[in-house]
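Single-structure report; data block below.
The values are calculated or read from the model by the stated rules, or taken from the named source; none is laboratory data. Everything quoted here is computed from the prediction, not taken from an experiment. Counting neighbours? That spans all protein chains shown, and the Cβs are built from the backbone with ideal geometry, glycine included.
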Amino acid sequence: MSHLDDIPSTPGKFKMEKSPFIHSRMRWHWQSSLAKLTFWSIVFFCLILIFFFRSPSSNPLLQDPYRRSLRTYNWGGPAWEKRVRSSARVRSRNGFSVLVTGAAGFVGTHVSSALKKRGDGVLGLDNFNDYYDPSLKRARQELLERSGVFIVEGDINDSALLMKLFEVVAFTHVMHLAAQAGVRYAMENPGSYVHSNIAGFVNLLEVCKSANPQPAIVWASSSSVYGLNNKVPFSEKDRTDQPASLYAATKKAGEEIAHTYNHIYGLSLTGLRFFTVYGPWGRPDMAYFFFTRDILKRKPIPIFEAANHGTVARDFTYIDDIVKGCLAALDTAEKSTGTGGKKKGPAQLRVYNLGNTSPVPVSTLVSILERLLKVKVKRNIMKLPRNGDVQFTHANVSLAQRELGYKPTTDLQTGLKKFVKWYTSFYSGGKKAAG
Ligand SMILES: NC(=O)c1ccc[n+]([C@@H]2O[C@H](COP(=O)([O-])OP(=O)(O)OC[C@H]3O[C@@H](n4cnc5c(N)ncnc54)[C@H](O)[C@@H]3O)[C@@H](O)[C@H]2O)c1
């Protein structure tokens, strides 16, 4: 190869030379051109790559929110492992050691705190993305830290991190709540739904399948899988093949994926279809939350109506009832049956509705908030836009009642009172409502 190192740097210089060794010169010339061609091809290829990744593309998959969730996080080291171990240490007889994904989220915070309280070991995992105000997620993190729950900052798509966590702790259970929530955000960032609800879920199940022992998994699905189903109340046996949003489609895909991992690898899997969960530390992208913010700002509140003045209603479910359902699902989950990534026998696969069983019109929600906040609300009646919201949701929870002992006890009036109390104290403590 040394002759290649001697190639003159300019073609002109090369042409002017006269030599009797014409064949060797021609070969030399040919090799030189080939090297240059290779060099310029690499440069060209690199430029294309740089252009592709740096340009503010019109492709929503490459827009900021999605790319931000791919950032790398700092984890590892003896001090970090010690924190992980200590957070996941079981402190009660027959307690579980649970990995809670999405622990800085609304439901994740409440479930983690309840598990910790009864003596289970809990380790949180969350990527703290900015789908909504991350400072609320940080405040929830502080709350959990005070009760001894450590939230590892990382993404469920990070296999190395997940494998490390399973190497440090033999989790008995995974409570999987990390997801891209919300139906409207899909117009803006469809890739985030694929990233978290499909790719991330598959990645988590891959790691769980190879873990030894395999954990039992309880994961959050959604009532949105019922989509345009108009048979009420929604029962687990109803059709789920008419999703009305990308969110619903990815949740439905999640159920199919879970089915596959149960069938092939013997993972014990329980899916919970939550119905519009609300309460303290809730999500700012949900109506009860931003209505409260806007009512306090004296802004008019849009009230959607379906075709022919149809009422839009939701089966609002208070967070404490949902937490009880999550814990009952963990308590009744059987062990996974695979080892070394191979199924050794049939494993448990379940899906339950967790709702409140009494849908309330959104206009009633506004009236309750109006009374609790003592502000006269200006209502704007509008047509329900076709952006993924369905007209109503209504849960049949008899299966969860029979098998999990699930029985919701909080009505909307009582639950909203607790939410408003939290909201006013949280945002008067120097924190501002996001957006
Ligand atoms: N709250 C409801 O009304 C409701 C209704 C139906 C279903 N669900 C489902 O329940 C679960 C919890 O919902 P929530 O209301 O607590 O939402 P949330 O957005 O408050 O919590 C989800 C958490 O997951 C984290 N997360 C998202 N993608 C991640 C990733 N790739 N890696 C690591 N962390 C990631 C987010 O940062 C967030 O903190 C979700 O699966 C949601 O789809 C919620």
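The set of residues in the stretch 218-232 that are assigned to a loop (DSSP other than H, G, I, E, B) and either near the ligand (Cβ under 7 Å from one of its atoms) or touching a helix residue (DSSP H, G or I) at 6+ places or on another chain (Cβ under 6 Å) (or both) contains only GLY227. Looking only at the stretch 258-314, residues that are in a loop (DSSP other than H, G, I, E, B) and touching a helix residue (DSSP H, G or I) at 6+ places or on another chain (Cβ under 7 Å) come to 9 in all. For GLY200, the requirement of being more than 18 Å from TRP75 (Cα to Cα), in a helix (DSSP H, G or I) and within 11 Å of the ligand (Cβ to nearest atom) is met.
Being in contact with a Lys or Arg (Cβ under 7 Å, 6 or more places away or on another chain) and farther than 19 Å from THR72 by Cα is the requirement here; does VAL174 meet it? Answer is no for this residue. Just one of (1) in contact with a Lys or Arg (Cβ under 9 Å, 6 or more places away or on another chain); (2) crowded, with 20+ Cβ neighbours inside 10 Å fails for VAL168. It is (2).
So for the stretch 322-334 (the condition being in contact (Cβ under 8 Å) with a residue 60 or more places away in the chain, farther than 24 Å from GLN413 by Cβ and within 12 Å of the ligand (Cβ to nearest atom)), does at least one residue qualify? Scanning the stretch 322-334 turns up no residue that is in contact (Cβ under 8 Å) with a residue 60 or more places away in the chain, farther than 24 Å from GLN413 by Cβ and within 12 Å of the ligand (Cβ to nearest atom). Taken together, the criteria place ALA170 among residues that are within 19 Å of VAL84 (Cβ to Cβ) and out of contact with any Phe, Trp or Tyr (no Cβ under 8 Å at 6 or more places or on another chain). Of everything listed in (1) within 19 Å of ILE301 (Cα to Cα); (2) surrounded by 22 or more Cβ atoms within 10 Å (Cβ to Cβ); (3) not aromatic (Phe, Trp, Tyr), the single unmet condition for ARG379 is (2). When we screen LYS209, LYS164 for residues that are basic (Lys, Arg), in a helix (DSSP H, G or I) and over 16 Å from LEU267 (Cβ atoms), the only hit is LYS164.
For the stretch 211-254, filtered to residues that are touching a residue at least 40 places away in the same chain (Cβ under 8 Å) and surrounded by fewer than 18 Cβ atoms within 10 Å (Cβ to Cβ), the residue that is farthest from LEU165 (Cα to Cα) is VAL232.
When ASP64, ASP120, ASP126 are screened for being more than 25 Å from MET163 (Cα to Cα) and either modelled with pLDDT of 95 or more or of a type in the set (Asp, Glu) (or both), only ASP64 passes.
For PHE304, state whether it is surrounded by fewer than 20 Cβ atoms within 10 Å (Cβ to Cβ), within 16 Å of the ligand (Cβ to nearest atom) and under 17 Å from ARG184 (Cβ atoms).
So PHE304 fails the test.
For the stretch 354-372, the criterion of a residue being in contact with a Gly (Cβ under 7 Å, 6 or more places away or on another chain) and within 27 Å of LYS407 (Cβ to Cβ) is satisfied by at least one position. Candidates are the residues of the stretch 258-276 that are away from the ligand (no atom under 12 Å from the Cβ) and in contact with a Leu (Cβ under 7 Å, 6 or more places away or on another chain); the one that is nearest to ASP320 (Cα to Cα) is LEU269. Filter the stretch 321-342 for residues that are surrounded by fewer than 23 Cβ atoms within 10 Å (Cβ to Cβ), modelled with pLDDT of 95 or more and not in a loop (DSSP other than H, G, I, E, B) and give the result. Within the stretch 321-342, ASP321, VAL323, LYS324, LEU327, ALA328, LEU330, ASP331, THR332 meet the criteria. Of everything in the stretch 151-164 that is within 12 Å of the ligand (Cβ to nearest atom) and hydrophobic (A, V, I, L, M, F, W, C), the residue that is surrounded by the fewest Cβ atoms within 10 Å (Cβ to Cβ) is LEU161.
The residue that is surrounded by the fewest Cβ atoms within 10 Å (Cβ to Cβ), among those in the stretch 98-117 that are among the aliphatic types (A, V, I, L, M) and farther than 17 Å from LEU165 by Cβ, is ALA114. Only one of the listed residues (GLY182, GLY95, GLY148) is more than 15 Å from the ligand (Cβ to nearest atom), at positive phi, surrounded by fewer than 21 Cβ atoms within 10 Å (Cβ to Cβ) and part of a loop (DSSP other than H, G, I, E, B). That residue is GLY148. Looking across LEU267, LEU228, one residue alone is within 22 Å of the chain's Cα centre (by Cα) and either closer than 30 Å to ASN212 by Cα or not β-branched (Val, Ile, Thr) (or both). It is LEU267. Here ALA139 meets each of (1) within 25 Å of THR270 (Cα to Cα); (2) more than 10 Å from the ligand (Cβ to nearest atom); (3) hydrophobic (A, V, I, L, M, F, W, C) with one exception, condition (1).
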